[in-house]
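Working notes for the structure below.
The values are calculated or read from the model by the stated rules, or taken from the named source; none is laboratory data. Everything numeric here is computed off the predicted structure, so don't read it as measured data. Every residue, glycine as well, gets a Cβ built from its backbone with ideal geometry; the counts of neighbours run over all protein chains shown. Heads up: the accessible areas ignore ligands, DNA and RNA and are worked out on the full protein's heavy atoms, side chains in. Shrake-Rupley method; radii C 1.70, N 1.55, O 1.52, S 1.80 Å.
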Amino acid sequence: MATHTITLIPGDGIGPEVTNAVLRILAASGVSIEWERHDAGVTAFERTGRALPATLIESIRRNKVALKGPVTTPIAEGFTSVNVGLRKSLDLYANLRPVWNLPGVPSRFGGVDLVIVRENTEDLYAGLEHEVVPGVVESLKIITERASTRIAEFAFTHARRHKRQTVTAIHKANIMKLSDGLFLECARAVARAYPDIRYDEKIVDAACMHLVMDPGKFDVLVMPNLYGDIVSDLCAGLVGGLGVVGAANLGTDIAVFEAVHGSAPDIAGKGLANPTALLLSAVLMLRHIDEGQAADRVMQALGRVLDEGLARTRDLGGTTSTLGFADAVCQSMPT
Ligand code: NAI
């Protein structure tokens with residue numbers, strides 16, 4: 001059996017807890033992985049003076065794959081976001097977030113099966129802000145033809161490969177006629193090359209309303225960075241919350257898998273976090289490295305635990321600890 005070398009960033013807050021749980025489950029799945037552990041964020045900053053150490057970037061460039069726990073970003077001060085920095089420096093231009101109902105997970109809706117494709121490198125996340133005069137701040141929204149075309153291509157390719165029917169571009173081009181207008185122009189041009197996939201467009205505010213009324217109608221959604229950030233948390237809320245949605249940051253040849261949620265300081269260190277979100281990201285990772293059988297085994301075990309209610313963390317109404325949940329998944333692993 002081949003051994004994969006993969007970079008591991010446990011992160012901070014609940015990061016180390018959910019990471020430990022996921023490593024335990026991956027070990028039980030039979031896949032052979034050698035982990036290269038690296039700190040990022042506060043832990044790395046305190047030790048090295050850099051929140052995103054060069055050794056970490058080098059490790060991911062070398063291994064091409066990483067599994068990442070959440071990393072805290074100080075609000076309105078301190079170092080710039082490690083997550084944004086990582087995505088920019090490795091050109092992880094596509095953020096993929098499949099959102100669907102897991103068996104046995106209480107949620108507001110059934111029949112949700114959608115995919116969010118979020119542009120990951122520009123928009124207001126370019127971080128170009130300055131004070132014009134005291135009391136007036138300017139923040140630049142960058143939208144380029146290159147990035148918009150590339151993310152639309154990604155969405156349509158993904159739709160075709162996964163036999164999906166519709167790609168919906170989410171925008172606010174009625175107000176931001178130039179920037180979101182360019183995004184739409186690029187999406188339309190790409191759509192013309194995929195006549196087998198239906199293409200439509202929705203203004204972001206209306207899309208949010210439709211999502212919380214009838215999410216089953218949505219298929220693949222492609223959008224600029226900021227809308228993607230907001231809409232993906234909204235969509236997580238449709239199927240049980242941030243604890244049950246996985247994600248991948250993908251570039252041309254590098255992939256970093258992480259949960260949608262953050263470091264959850266309110267529950268950190270208490271063993272209350274649900275490791276399912278990071279586990280689902282790890283399952284995406286297993287498929288990415290051609291370990292489909294291990295991925296299927298993990299999904300069977302997870303499905304059984306959730307469906308039969310064998311263990312449930314607090315966010316899903318249970319009392320099982322993070323590691324207790326991992327143990328239940330390990331015990332349900334098919335032989
Ligand atoms: P958050 O996602 O950390 O937490 C929001 C709420 O969801 C909290 O009530 C939390 O307890 C709950 N929650 C999150 N993950 C959970 C899990 N696995 N199990 C059970 N409950 C869970 O968002 P928040 O509080 O806005 O951000 C906290 C920090 O995380 C910030 O510094 C933020 O910048 C950072 N962050 C990092 C991300 C990353 O590393 N990719 C993504 C989002 C936020």
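Between E46 and D307, what FRET efficiency follows from the Cβ-Cβ distance if R0 is 30 Å, with the result rounded to 0.05?
After rounding, the FRET efficiency stands at 0.10.
What you get for the range 86-182, charging only the Cβ of Lys and Arg (+1) and of Asp and Glu (-1), is a dipole of about 600 debye around the Cα centre. Only Cα pairs under 8 Å and 6+ residues apart enter the sum, and on that basis the relative contact order of the chain stands at 23 percent.
Using a 1.4 Å probe on the protein heavy atoms only, what accessible surface does L234 show? Give it in Å² to the nearest 10. Number for this one is 50 Å².
Among the aspartates and glutamates, select those whose C-alpha is under 19 Å from the C-alpha of K202, and discard any that sit fewer than 8 residues away in the same chain. Reachable aspartates and glutamates: D113, E119, D123, E153, D180, E185, D214, D219, D229, D233.
Would you please put 57-66, 125-134, 267-276 in order of how densely packed they are, using the mean number of other Cβ atoms within 10 angstrom per residue and starting with the highest?
Working: 57-66: 17.4, 125-134: 11.1, 267-276: 21.4.
Most protected by this proxy first, the peptides run 267-276, 57-66, 125-134.
Give the carbon-plus-sulfur fraction of the accessible surface of the chain in %, rounded to a whole number; probe 1.4 Å, heavy atoms of protein chains only.
On the way: 7960 of 14830 Å².
So the carbon and sulfur contribution to the accessible surface is 54 percent.
Amide H to amide H distances under 5 Å link Y93 with L250, G251, T252, where only residues 5 or more positions off or on other chains count and H is placed in the peptide plane. Along the axis of the charge dipole computed for the range 136-255 (Cβ charges of +1 for Lys and Arg, -1 for Asp and Glu, origin at the Cα centre), the listed residues Y199, S148, P224 are led at the positive end by Y199.
Pull out the extension gain between D253 and E201, defined as 0.36 nm times the separation in residues minus the alpha carbon to alpha carbon distance; nm, one decimal. Mind dumping the intermediate values first?
On the way: separation 52, 0.36 × 52 = 18.72 nm, distance 2.93 nm.
Gain on extension, D253 to E201, equals 15.8 nm.
Quick one: go through the range 220-239 and flag any residue whose amide nitrogen is under 14 Å from the point 7 Å out along the Cα-to-Cβ line of D113. Correct set: 220.
For the chain, the per residue solvent-accessible surface stands at 44 Å², with DNA, RNA and ligands left out and a 1.4 Å probe. Residues whose amide H falls under 5 Å from that of V222, counting only those 5 or more places apart or on a different chain, are V117, T168, A169, I170, with hydrogens built in the peptide plane. Estimated from helical segments only, the mean residue ellipticity of the chain at 222 nm is -12500 deg cm²/dmol, where each DSSP H run of four or more residues counts as -39500 (n - 2.57). Of the residues N274, M285, T320, the one whose Cα sits farthest towards the positive end of the charge dipole of the chain is M285 (charges of +1 on Lys and Arg Cβ, -1 on Asp and Glu Cβ, taken about the Cα centre).
Under 5 Å from the amide H of A255 lie the amide H atoms of V65, A66, each residue being 5 or more positions distant or on a separate chain, with H modelled from the backbone and absent for Pro and chain starts.
Dipole of the chain, Cα-centred, from +1 at each Lys and Arg C-beta and -1 at each Asp and Glu C-beta, to the nearest 20 debye? Please report the intermediate quantities before stating the final value.
Working: 33 positive and 38 negative charges, 130 e Å.
For this selection, approximately 620 debye.
Taking the Cβ of G13 as the center, what net charge do the other residues with Cβ under 14 Å away carry, scoring Lys and Arg +1 and Asp and Glu -1?
Values: positive: K68, K270; negative: D12, E17, D39, E258, D266.
Charge balance in the 14 Å sphere: -3.
Straightening the chain between M213 and R24 buys 64.2 nm, computed as 0.36 nm per residue apart minus the Cα-Cα spacing. Count Lys and Arg as plus one, Asp and Glu as minus one, and take only other residues whose Cβ is under 14 Å from that of V84; the net charge is then -3. If you take all other residues with their beta carbon under 11 Å from the beta carbon of A311, and give Lys and Arg +1 and Asp and Glu -1, the sum is 0. With each label modelled as a point 7 angstrom along the Cα→C-beta vector, the A193-L140 pair spans 2.8 nm.
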